[in-house]
Amino acid sequence: MSHTMTLALLTVSAILLVQHASAETELEHSNRVLKEVSGQFAVQNRPSAPNLNNFPQPQVKASPSEMAQQFRQSPIVPIAPASSYDLMIFVSFSMPRESLQRIVEQSEKTGARIVFRGFKGDKMAEMSKEVAQLIGTHRVEVATNPPQFTQFRIDLVPALVIAQSNAGEQMDSGCAQAARFVKVTGDVGQDYALDLIERTSPQWAAAARTFSSKLGGGLQ
């Protein structure tokens, strides 16, 4: 083999080796670039952990024992007590219709409870019908309570009674103690009866004035 041929073969072999090496290098390069790009994409789209420092922080940090102490010291809102007095008007269907109607109208303002001794004709259905016709659209409380006629010594109607709410707790022979109620008997308006109590019974003056203030206007 001549020197020239040998040199040519060596040159061809070198070129093939270089081409082969370059092909591997390009493939490896492509794989590396693809891997890097994939890695970067994964990093960019990976959800980051929340930064707790970005959340609003409580202005005051208290221990559980301190918080419990604050709850123990919280003020308790008192419940308003119920009225200490009851206003009742004792009536009968034997009274004039005009008087009964006036009592209904005034009781709607004062909050007085209208009390009958028993059922009209001893029949509940008839009593209910009569009461419904009497009160109409007025918002009043009507009751049938024979024992209360005895409790407050009601012999004549109409009669207005202001009584302590607990007047029925201590009874003497079925009657409330005299110091626990005051009574006005007669066919007069509630404003007149309450004014009379206010002027003549100092113990009941404040209660009478409270109920009377709900009526307004002059005496009837």
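Just so it is clear, none of the values below were taken in a lab; they were calculated from the coordinates. Predicted model only: the values in this text are computed from it and were never measured. As a convention, Cβ positions derive from the backbone with ideal geometry for all residues, glycine included, and neighbour counts pool all protein chains shown.
Please rank D191, D155, fewest neighbouring Cβ atoms within 10 Å first, as an exposure proxy.
On the way: D191 20, D155 8.
Neighbour counts put them in this order, fewest first: D155, D191.
For region 179-220, what is the Kirkwood estimate of the hydrodynamic radius, computed as the reciprocal of the mean inverse distance between distinct Cα atoms, to one decimal in Å?
On the way: mean 1/r = 0.0961 Å⁻¹.
In region 179-220 this quantity evaluates to 10.4 Å.
Per residue of region 133-144, in order, report the coupling 6.51 cos²θ - 1.76 cosθ + 1.60 (Karplus, θ = phi - 60°) as ³J(HN,Hα) in whole Hz, putting x for Gly and Pro.
Going residue by residue, I get 5, 6, 7, x, 9, 6, 9, 9, 9, 10, 9, 10 Hz, with x marking Gly and Pro.
So what is Rg over Rh here for region 85-212, counting just Cα atoms and using Kirkwood for Rh?
Details: Rg = 14.3 Å, Rh = 14.9 Å.
The Rg/Rh ratio comes out at 0.96.
Rank the residues R180, R97 as a footprinting-exposure proxy: fewest other Cβ atoms within 10 Å of their Cβ go first.
On the way: R180 19, R97 10.
Going from least to most buried by this count: R97, R180.
Could you line up D122, D187 from fewest to most neighbouring Cβ atoms inside 10 Å? Mind showing how you got there, number by number?
Details: D122 8, D187 14.
Exposure proxy ranking, most exposed first: D122, D187.
Give, rounded to the nearest 20 debye, the magnitude of the charge dipole that region 85-212 has about its Cα centre when Lys and Arg contribute +1 at Cβ and Asp and Glu contribute -1 at Cβ. If you can, show how the numbers build up before the last one.
Details: 14 positive and 15 negative charges, 14 e Å.
Computed about the Cα centre, the dipole is about 60 debye.
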